[in-house]
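Notes to accompany the following structure.
The values are calculated or read from the model by the stated rules, or taken from the named source; none is laboratory data. Note that the coordinates shown come from a computational prediction; the quantities given were computed from them, not determined experimentally. All Cβ positions, even for glycine, are placed from backbone atoms using ideal geometry, and neighbour counts span all protein chains on display.
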Amino acid sequence: MSVPHLTPRLQLIAEQVKALKSDDFYVAADIGTDHAKLPVFLVKTGICSFVYAGDVRSGPLESAGKTVSFYGCTEEQIVLLCSDGLKEIPQNYHTVIIAGMGGELIVKILSETSCPENTAFVLSPMTAAEDLRRYLFENRFSILSEKIAMEGERVYPVLTAKKTGFDKDYDDCDCYLSPALLMNRQDPGVIRYIKKQMAAKDKIINGKKTAGLFDEEYAAAAVLRERFLHILEEIGE
Ligand SMILES: C[S@@+](CC[C@H](N)C(=O)[O-])C[C@H]1O[C@@H](n2cnc3c(N)ncnc32)[C@H](O)[C@@H]1O
């Protein structure tokens, strides 16, 4: 059987969708599908029975159409939809995937549509992951798992989440390194991710020091850097 080749990031996303499988007839919605390699992989490997593949732009939808027909997927398996976020997607999905966009855009998409109760989410922000985690904490989602995909030097977080409706205590550090992520703190990808977060704070701190600006942003970065350092020391890094 021929299936599209997935990058390690998309492969990890597919594994997370599989881990959330909750029904024999399992339906996912892939928002911002672009080339639609993920939906094709999901139906071809039997992880999903049916996938809505949505994108807001016509170019990606054309490319998605080519992938879908190249792999011989039918309309009983994949339906392509022009949709801004989840707005035009019928709500009979079990799992929503939003990957390969900035954290702010993922937050915007999540905040514009209320999904059916018990919907599971697989989210993989390319930037501003801390904004996404903060949104999830503030809006009574629970982060069920968080793993890191490594592609060369790059690291990509892949989160799974569900709305629980319960408040959960969290602090700034949890928004950068979620408790779910730190459950896998010995994982090489997680260690690299923590080091990257620390390097980003070092950059802010050094820039502020050079400018002689010991403001609130400097203080917040210094506090987070200490927390990241402590976690790395605990791991023995
Ligand atoms: C970089 S691609 C990511 C493709 C794939 N999801 C992945 O992770 O590799 C981002 C896609 O999101 C689409 N997109 C951006 N904003 C969107 C929105 N509001 N609703 C749906 N799709 C959107 C873009 O058109 C583009 O095809």
query: K21 fails exactly one of the following numbered conditions: (1) under 17 Å from T160 (Cβ atoms); (2) within 10 Å of the ligand (Cβ to nearest atom); (3) of a type outside the set (A, V, I, L, M, F, W, C). What is the number of that condition?
result: (2)
statement: Of the residues in region 1-18, those that are under 12 Å from the mean Cα position of the chain (by Cα) and within 12 Å of the ligand (Cβ to nearest atom) number 5
message: If the requirement is being closer than 24 Å to L159 by Cβ, surrounded by fewer than 17 Cβ atoms within 10 Å (Cβ to Cβ), acidic (D, E) and in the same structural domain as L12 (by TED's automatic domain parsing), which of these qualifies: E104, E76?
response: E104
Check on V107, within 19 Å of L6 (Cβ to Cβ) and within 12 Å of the ligand (Cβ to nearest atom): no
message: I need the strands (runs of 3 or more DSSP E) fully contained in region 21-89, keeping only those with at least 1 residues that are free of Cβ contacts under 8 Å to residues at least 60 places away in the same chain.
response: 50-55, 78-82
- prompt: Among (1) near the ligand (Cβ under 10 Å from one of its atoms); (2) farther than 22 Å from I47 by Cβ; (3) touching a residue at least 40 places away in the same chain (Cβ under 8 Å), where does E117 come up short?
  reply: (1)
